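What follows draws every value from the coordinates through simple rules; no lab data is involved. Treat the numbers as computed from the prediction; the structure is a model and nothing was measured. Positions of Cβ are generated from backbone atoms using ideal geometry, with glycine treated the same way; all protein chains shown enter the neighbour counts.
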Amino acid sequence: MIFDSTLIHLIKSIHIATVVLSGMGFFVRGLWMMNQSALRNHPLVKIAPHVNDTLLLVSAITLAYLLKISPITHAWLAAKIIALILYILLGMVAFRFARKQSVRVMAWIAAMFTFAYIVNTAIHKQIWISHLV
């Protein structure tokens, strides 16, 4: 039993750390996009988010498995997954598909709000925003 709680704590810590890195990285890449910084094209900036987000997703799935929670029985988890899909799509518009800078910026802002919703939902385990993060 101690092994289980220690393992859960470790994976939760990894998950939280990768969430923080993902959010900070997305924010900074958005600033670079708006300033048209050459840093946004650095190979590490192109690869690191995918590595981090993969670790984030693996830790999330592992936590759900170990804690025996499912989006079918936990509405807040289903809401997080739906919001995550929206966040990914908005990020693709902001950094890849949109041609106009104004559309990129609006998609980036919407993605940042979606990220905040995901974090709020994870903290409070409620679908609707009832507390400020």
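Each helix, a run of at least 4 DSSP H residues, gives -39500 (n - 2.57); summed and divided by the residues of the chain, these come to -27000 deg cm²/dmol at 222 nm. Each residue in 72, 88 was given a count of other beta-carbon atoms within 10 angstrom of its own, and listing them fewest first yields 72, 88.
Its alpha carbons give segment 1-68 an Rg and a Dmax of 15.3, 51 Å. Of [x] 58, 31, 20; [y] 57, 39, 24; [z] 52, 31, 23, which one was derived for Cα extents along the principal axes in Å from the structure shown? Given [x] 58, 31, 20; [y] 57, 39, 24; [z] 52, 31, 23, the calculated one carries the label [z]. Once you order the gyration tensor axes a ≥ b ≥ c over the Cα atoms, which shape class does segment 79-133 get: rounded for a/c under 1.5, otherwise prolate or oblate by comparing a/b with b/c? Since a/c reaches 1.5 and a/b is larger than b/c, the shape of segment 79-133 is classed as prolate. Going from the fewest other Cβ atoms within 10 Å to the most, the residues 80, 68, 46 appear in the order 68, 46, 80. Computed about its Cα centre, the charge dipole of the chain is approximately 440 debye, with only Lys, Arg, Asp and Glu carrying charge at their Cβ.
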